[in-house]
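Taking it in order: structure first as structure tokens, then the write-up.
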Amino acid sequence: MTTLNKIFSLTCSILVAHFILPTFLILIVAPLYIYKSCVVFLSKWKVGIYAPLSVGDCIHVLDDIHGQPRCSISCVVHFRGRFSVDQFVNRLKLKISEQPKESYDRLTCTITRWRCVYFWKKCEDFDILDHISVNEESNPDKISAFLTDQIDKGYPVGKPLWDVVFLPNCVHAEYGTSSAVALRMHHSVGDGLSFVALVRDMCDENHAADEEIKKLLKGFRKKYSQNFWKKLSCVFQLIFINPSEGMYNWIKALKSQVIPRDLSQNTTCGCIFATTLIDLACLKRISKIVGANVSSVIHAGVAGAVRRTMIDRGSEPTGDITATYILPKLDHPGTLSNNAYSIPIITPMSGDDGIKRVTGISHQLNRIFSTIPIASMLPFNMLGLLLGAHIQTKVMSDMFTYAHSNMAFFGEPIKIFGITLERIVVASGLLRGSNPLFILTTSYNGKLFLQLVGNKAVFPNEESLLRLAKYVENEIKELDRQCYTEVSDLVATMV
């Protein structure tokens, strides 16, 4: 039966990639692209329009922005001290006025439509103070509930899609901090890498941190730097192999195992959030022994934890766990923009050999990064173009088991007004309700954090989400134990 499923999926992927997809591109995508280009050109003479939304922005634009949005990025920054609201407001005003035109103008814009195309429009009555508020609460439980509610809280109509909440009494004994600031913006304004750049720009001058961001962007692009013959090989792969291979992975994603839902829970009841610390030294040790990068080890640990959660809830370990792994595109400018795409990472649910899981995921990532991933970026550009035309295309609710992404901040602590930024906690909304679980790994100041956002229909309370986080820790420890055993056996054999 497994062989028949593979043959069927492979046949479907070839048919779709070489017959259905070209027809779709010619008859639908190309006319839409031409129409949008013409409208954008004519908008130069339209009063009140600032700039068009990119195809990346349009992926998030059909969200319930003013009701209960699922496409928001929330961040809580904990500080070892306090600073005044006026200091922050003055610096933000300065950044908006000083930065190049395309950097932070989205913070002063709202979304409008003209001729069925989405545009940014300058907010005529924009005032930074409308987006700044203070919460004097000091009760840790109430603060936690408030921050969780921020994930899917609506935005005011007619105002730019961001806000900042000061928490001067948010004391965290574990972090050694005495205040915090909660930042939130809608995903149409920018993606995760944009958020990193925004946090960095609001802090004090730090040339080392600036170099880290440049190194991050340069290092990612360097993965795709290739000689002439490699580029020629990529062209042939793009024509003959990549479309079918990419379509095969997406078809397999359609049949991925789903985390069982609690039917007694309302599917629109909101989100739950949890965070925990991961042993970075352990991850690096496993990575060195197995010969895979740290991202592959994290993916394997998360996939193993999701597998255990699904088995606990009665699922049969016979299918595949598929994660949608979100990455920045090659041309990401490092400012407020949406330049991201996703790829399916497939892990068999059968078997509990963690090392095989790591090597399998590592092979998939190497395969993706060994060629220019145009075939992976194209579906996202097409989706953004369709949504930008206000076509009600929706992501299938059971297309992936969960979503996963990484967010790297800085290796050394940064400061704002001389006060040390101790910890950054990030939570992303569940995109259009398409996945019941979003997992984000963030690194800052030599520490790696696992941040989880779950749909309450699947994870009704924080305890159920923390249980999943504990499974991730256990999976990584088990991987470390397996690696130690293999090395010990190898040494014993050599002796």
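Quick note: the coordinates plus some simple rules give every number you see, no bench work behind them. A quick note: this is a predicted structure, and the numbers were derived from the prediction, not measured. Glycine also receives a Cβ, built like all others from the backbone with ideal geometry; neighbour counts cover every protein chain displayed.
Table for the structure above
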| quantity | calculated |
| --- | --- |
| Aspartates and glutamates with Cα under 13 Å of residue 153, excluding same-chain neighbours fewer than 8 positions away | 63, 64, 163 |
| Order by protection proxy (mean Cβ within 10 Å, highest first), peptides 149-158, 318-327 | 318-327, 149-158 |
| Segment 50-203, relative contact order in percent, only Cα pairs under 8 angstrom and at least six apart counted | 36 percent |
| Listed peptides 190-202, 126-138 by packing density, highest first (mean Cβ within 10 Å) | 190-202, 126-138 |
| Residues whose placed amide H lies under 5 Å from that of residue 458, excluding near-sequence neighbours | 262 |
| Global size of segment 50-203 as Cα Rg and Dmax, reported in angstrom | 16.0, 54 |
| Sequence of 475, 245, 486 once ranked by neighbouring C-beta atoms within 10 Å, starting from the fewest | 486, 245, 475 |
| Residue 341 long-range amide H proximity, modeled H, under 5 Å | 327, 329 |
| Filter on 6/284; 121/415; 284/470; 288/477; 95/415 - keep pairs with C-alpha separation over 24 Å | 6/284; 121/415 |
| Neighbour-count ranking [beta-carbon atoms within 10 angstrom, fewest first] of 335, 276 | 276, 335 |
